[in-house]
Amino acid sequence: MNTGRPWAAFAAVVIVLGYALIPRPALYRGVRFSQAVYAANGTLLRLTLSSDERYRLRVPLGAISPRLVEATLTYEDQWFRFHPGVNPVSLGRAFWQTYIRGSRRMGGSTITMQLARLRFGVRSNTLGGKLVQILRALQLERHYSKDEILEAYLALAPYGGNVEGVGAASLIYFQKSPDRLTLAESLALSVIPQNPTRHRPGLRPAARLGGEGDTDINPWLEDARRAQLTRWLVGHPEERERKSLEKSGKLPLLAHSRKGLPFLAPHFVDWVLNTFPDENILTTTLEPDLQAALERTGRQYRATHRRVGVDNLSALLVDTRDMGVKAMLGSADYNDPYIQGQVIGPLARRSPGSALKPFIYALALDQGLIHPHTVLKDAPAAFGDYDPENFDGVFKGPVSATEALVNSRNVPAIYLASRLKEPTLYQLLKQAEVKGLREEAHYGLALVLGGGEITMAELTAMYAMLANEGEWRPLRLTTRQPLAAGRRLVSAEAAVLTLGMLRANSGMGGEYRSDWVRNPLPVSWKTGTSHGFKDAWTVGVAGPYVLAVWVGHFDGQGNPAFVGREMAAPLMFSMLDSIRALRPDMAPLPASPGLKLVRVKVCAASGGLPGPHCPVVVPTWFIPGVSPIELDTVYREVWIDRTTGLRSCGQTAHGARREVYEFWPSDMLAIFRKAGIPRRVPPPYMAGCHLSAMGAPPEITSPREGVVYTLPSRQVGVMAVPLSAVMDGDAHITYWFVDNDYLGRSGRGETFFWKAQPGRYVIRALDDQGRHDAREVIVTTIE
């Protein structure tokens, strides 16, 4: 009876169960990889060091040249696809050679065993270590496919110095990704892991003598590569006749070193790496020729303007079709510590100045407050305790909405912002995912003029929203990021009209020199200057692109030269010239069909629908059912007594004639008088004439709404509260009342001074045409 068979069967069962229960090891746990960042055309921008100071890049097996894979298997492990992780024949031969005969140490490790040594830190130069290596190899084969094991080996194998894996090796030594390697390059890389110290590319011949050589050709690598070529031709005899193969076998293979790694678009790459810290291979949306154009233009501009203090600048170019960042300047010089050159300028929060004004007008168009030729007041005004002024300190009087926008008039913009309902400008910024905003009450109307902070990236995305007909999308940095579905922030009609208004900027008043624009491509653009001249901005939409530029100092130091239209606008147009030279077919994107816009004529002076007496009409665009429909009230026909020349209520005993006069509010007339511009204003009424309530009522400008007036207790009855109002063109006198008590009167453009007592009052202004306005005021005292 054979008693050994049950025990053998039992042992076999134990071995099988034990093999089945071997725990699954992690192939990459704890391994830190480099990141390779590419431009959209495949140009390598940067290869980073891993956290353990290695160039180690994980690349999928399918992204590695099949020739390199085959050559590696031929050189390292011909039976890799067939053995269970250990090759008994090779191990036996190595054991005999090393331990029985005691001759030159011989390997015998399979690729799986080499991976086990690399991955688990096995010391395989001892018998015990070799046993652990074998067990680890079996463990790997139990849980991973051959392709997974081969991919891991090619990611971790040593290729000389601190270079590990074929992904990093191909980029460093041959400046190409591993799927583009030639046969000669594949053969060279295949022989390096077996002796990475001796076969490292770039190891110089003089190293044989312990010195330095003058060439990057490693003779040991060349010998091994040519021997590998001979083995390759045994398996591929059909390639013997290829001339390129013959040439590559005779000529030495030139390789690069780690010093040749590129460091391109550094700020953009920093942004990408910070955004995607866990991705090994990143193909970005950056286009190298556009990047080079922005860098070249930025350097030239900085060099020619350093005399006026231009040390730093930033720029961001986005393609609105796919929202990809195509080029970016983070600073004027990445390596200049004086300007904090490594700061990523487009991500820094800065005051945008007036660069947010287009969005106020877009909302006003959408909410039916204006059309492009609505006439707005650019005159002194108070909004609560806020007294805005224009950048140039001048008020222009009546201006169209388009003129107010492109000339960046502050009062019209604040007036419109004060009338916005939902969404307000603040709410629009939140919808556009502008970060870091405080509560809305913190800013008030000052947000209109740059009272908040925004990044260039956020601002560019908002201008791209206008170019995409009101649909906002986030910026894209890599090609793997999907194009997000659009989020509508304003109507397509409002967005198109806003860009049309901004397009008028280039020819407004001759303020912008024609030599800035050597290219006639239409540009919708807006400037911004922050308080204290700390930031000069210009953002433009040209063709499919949005280009934003900034000039300033990262430390917030001001410079009177940092004015948007004088410092940032020329830079933007110079960059657009460079872009157009590279993209000569760049043209404005066509508007979507079905936009609900109609062309109408309005009175030039008022922006209202022209009456019979309007002398000049201009065309503008209306959004049907949204844009305001008002009749012109500036030009009115009145009766004039032939004898007195005064205004009458109709025919008189002496006869009367009809004449057309201009009815301007008193604040507008004051501006006209200051500018020396005569206006044909109506004369006063004849005595006893019955008055008409036609026309605009007075508008109280002082006391201010919502303001509490505090008087020193000792000055009560001495200090006065000023009372003033804007009157229509046919009014000449304002009568003032406190509650129901008459105070006195003031003429056109005059102020009445009220010696108030503490209390809560209702102030009423009644003009000489019977129209009125009222406002509540609170007066308090302080010791």
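The values are calculated or read from the model by the stated rules, or taken from the named source; none is laboratory data. The model shown is predicted, which means the values in this text are computed figures rather than measured ones. So basically every Cβ, Gly included, is an ideal-geometry build from the backbone, and we count neighbours across all protein chains shown. Calculation scope for accessible area: heavy atoms of the full protein, side chains included, ligands and nucleic acids excluded. Shrake-Rupley method; radii C 1.70, N 1.55, O 1.52, S 1.80 Å.
Inspect segment 730-746 for any residue being open to solvent by 70 Å² or more (accessible area, probe 1.4 Å) and in contact with a Pro (Cβ under 9 Å, 6 or more places away or on another chain) and give the result as yes or no.
The answer is no; no qualifying residue exists.
Please give the number of the condition Lys430 fails out of (1) surrounded by fewer than 22 Cβ atoms within 10 Å (Cβ to Cβ); (2) in contact with a helix residue (DSSP H, G or I) (Cβ under 6 Å, 6 or more places away or on another chain).
(2)
Quickly run through segment 664-677 and pick out the residues that are open to solvent by less than 50 Å² (accessible area, probe 1.4 Å) and in a helix (DSSP H, G or I).
Correct list: Ser666, Asp667, Met668, Leu669, Ala670, Ile671, Phe672.
Of all residues in segment 270-286, how many are closer than 19 Å to Met323 by Cβ, open to solvent by less than 60 Å² (accessible area, probe 1.4 Å) and in a helix (DSSP H, G or I)?
2
Of all residues being part of a helix (DSSP H, G or I), more than 28 Å from Pro288 (Cβ to Cβ) and in contact with a Ser or Thr (Cβ under 6 Å, 6 or more places away or on another chain) in segment 321-378, which is most open to solvent (accessible area, probe 1.4 Å)? Just the residue, please.
Asp366
So is Ala731 closer than 30 Å to Pro682 by Cβ, of a type in the set (Gly, Ala, Ser) and modelled with pLDDT of 85 or more or not?
Taking the combined requirement at face value, the residue does not satisfy it.
If I filter segment 528-575 down to residues being open to solvent by 20 Å² or more (accessible area, probe 1.4 Å) and within 19 Å of Glu403 (Cα to Cα), which single residue comes out as farthest from the chain's Cα centre (by Cα)?
Glu566
Applying the selection to segment 576-620, what residues are under 17 Å from Leu317 (Cα atoms), open to solvent by less than 60 Å² (accessible area, probe 1.4 Å) and either at pLDDT below 90 or in a helix (DSSP H, G or I) (or both)?
Leu576, Asp577, Ser578, Ile579, Arg580, Met586, Ala587
Among what's in segment 716-728 and is free of Cβ contacts under 8 Å to residues at least 60 places away in the same chain and not in a loop (DSSP other than H, G, I, E, B), pick the residue that is most open to solvent (accessible area, probe 1.4 Å).
Pro722
Among the candidates Gly688, Gly625, which residue alone is over 28 Å from Ala381 (Cα atoms), of a type outside the set (D, E, K, R), at pLDDT 85 or above and loosely packed, with under 11 Cβ neighbours inside 10 Å?
Gly625
Condition check: over 29 Å from Gly645 (Cβ atoms) and charged (D, E, K, R). Does Arg771 satisfy that?
The answer is no for Arg771.
Quick one: how many residues across segment 678-715 are farther than 21 Å from Pro412 by Cα and either part of a loop (DSSP other than H, G, I, E, B) or not aromatic (Phe, Trp, Tyr) (or both)?
So the answer is 25.
With (1) touching a residue at least 60 places away in the same chain (Cβ under 8 Å); (2) open to solvent by less than 40 Å² (accessible area, probe 1.4 Å) as the list, and Arg54 as the residue in question, which single condition is left unmet?
That leaves (2) as the condition not met.
Go through segment 758-783 and give me each residue that's open to solvent by less than 50 Å² (accessible area, probe 1.4 Å) and among the acidic types (Asp, Glu).
Asp767, Asp768, Asp773
Considering only residues that are surrounded by fewer than 21 Cβ atoms within 10 Å (Cβ to Cβ) and within 29 Å of His267 (Cβ to Cβ), look in segment 444-454 and name the one that is nearest to the chain's Cα centre (by Cα).
Looking at residues that are surrounded by fewer than 21 Cβ atoms within 10 Å (Cβ to Cβ) and within 29 Å of His267 (Cβ to Cβ), I get Glu453.
Among the strands (runs of 3 or more DSSP E) contained in segment 729-783, which hold 1 or more residues that are out of contact with any Lys or Arg (no Cβ under 7 Å at 6 or more places or on another chain), in contact (Cβ under 8 Å) with a residue 24 or more places away in the chain and among the charged types (D, E, K, R)?
Once the strands (runs of 3 or more DSSP E) in segment 729-783 are filtered for at least 1 residues that are out of contact with any Lys or Arg (no Cβ under 7 Å at 6 or more places or on another chain), in contact (Cβ under 8 Å) with a residue 24 or more places away in the chain and among the charged types (D, E, K, R), what remains is 759-767, 772-782.
Name the residues in segment 112-151 that are open to solvent by less than 10 Å² (accessible area, probe 1.4 Å) and either under 16 Å from Gln194 (Cα atoms) or of a type in the set (Lys, Arg) (or both), would you?
Residues satisfying the conditions are Thr112, Met113, Leu115, Ala116, Leu150.
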